[in-house]
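Q: Here it is, the structure, as structure tokens.
Read the figures in this text as sums done on the coordinates, not as results from a lab. Small disclaimer: the values here were computed from a predicted structure and weren't measured. So basically every Cβ, Gly included, is an ideal-geometry build from the backbone, and we count neighbours across all protein chains shown.
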Amino acid sequence: MKVDYNNIGVGVTAIGAVLSNSDDLSIAKATLIMPLITHTESLYYLARTTTKVQSIEKLISEKTSFFSNFNARYYDALTLSFSSIQYLTEMGYARHDEGVLLKTKSLEYDTKMGTRAKKIFQASNNVSALLSGSDKNLFLNLRVQL
């Protein structure tokens, strides 16, 4: 049985965990989180304690297979990303100001969230580091067709 991880719970957890590490994210960067997190190989790699990402360019060159269908995954997750952002703002974890998502309180991991959420929280530091570049550079390197 294949499990579908494209749901609002995973979306809120992923964006909330990364936002908890960064304090603020552009809305554009927040939409890049779900395509990274819902790709199982990417998630498990980024969640490892031995993985320390230096840049999106380096990760793409080392793990090319993780990004072969990134554009399709981006558009598949776009509605879910916006719904998750809206949920985070309505629940008081974030607010948005002129295209930027600002953390108002941290989303904390609880064991009741399950093992997938644990992996997401473990990967959130690396995802945050990946998203530290400019929006334009990230979209260009990830080959998201706008």
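Q: Within region 36-70, report the trypsin sites (Lys or Arg not before Pro) that DSSP leaves as loop and that have at most 10 other Cβ atoms within 10 Å.
A: Filter output for region 36-70: LYS52.
Q: Starting with the fewest neighbours, write out ARG143, ARG73 ranked by other beta-carbon atoms found within 10 Å of each beta-carbon.
A: ARG143, ARG73
Q: With the crude spin-label approximation of a point 7 Å out along Cα→Cβ, what separation in nm comes out for LEU78 versus THR111?
A: Each label point is offset 7 Å from its Cα along the Cβ direction, giving 4.1 nm.
Q: Further question: Pull up the cross-link candidates among the aspartates and glutamates for LYS103, meaning alpha carbon to alpha carbon under 14 Å and not fewer than 8 places away within one chain.
A: ASP23, ASP24, GLU90
Q: For the chain, build the charge dipole from Cβ charges (+1 Lys, Arg; -1 Asp, Glu) around the Cα centre, then report which of PHE70, THR115, PHE139 sits farthest towards its positive end.
A: Most positive-ward Cα: THR115.
Q: With contacts defined as alpha carbon pairs under 8 Å and 6 or more residues apart, what's the relative contact order of the chain in percent? Kindly include the intermediate steps, with their values, before the conclusion.
A: On the way: 180 pairs, mean separation 60.8, N = 146.
Across the chain, relative contact order equals 42 percent.
Q: If you don't mind, another one. Under 5 Å between amide H atoms, partner at least 5 residues away or on a different chain: which partners does HIS96 have, H built in plane at 1.01 Å?
A: Counting only residues 5 or more places away or on other chains, the set is LEU102.
Q: Can you tell me how much longer the chain between MET91 and SER65 gets when fully stretched, taken as 0.36 nm per residue apart minus their C-alpha distance, in nm with one decimal?
A: 5.8 nm
Q: Using helices alone, I'd like the mean residue ellipticity at 222 nm for the chain: each DSSP H run of four-plus residues gives -39500 (n - 2.57), total over residue count, nearest 500.
A: Calculated at 222 nm, the ellipticity per residue is -17000 deg cm²/dmol.
Q: Under a straight-distance cross-link criterion of Cα-Cα below 26 Å, which lysines are reachable from LYS63, leaving out those fewer than 8 residues away in the same chain?
A: Leaving aside lysines fewer than 8 places away in the same chain, those within reach of LYS63 are LYS2, LYS29, LYS52, LYS118, LYS119, LYS136.
Q: Would you grab the residues whose amide H sits under 5 Å from the one on ASP24? Only those 5+ places off in sequence or on another chain, please, with H modelled 1.01 Å from N.
A: Hits under the 5 Å cutoff: LYS103.
Q: Using all alpha carbons of the chain, what is the percent of pairwise distances in each 5 Å bin, ordered from the shortest bin to the longest?
A: 2, 10, 21, 26, 22, 13, 5, 1, 0
Q: Still on this structure, please answer the following. Using modelled backbone amide H atoms (1.01 Å from N, in-plane), which distant-in-sequence or interchain residues come within less than 5 Å of THR38's amide H?
A: When sequence neighbours closer than 5 places are left aside, there are no close amide H contacts.
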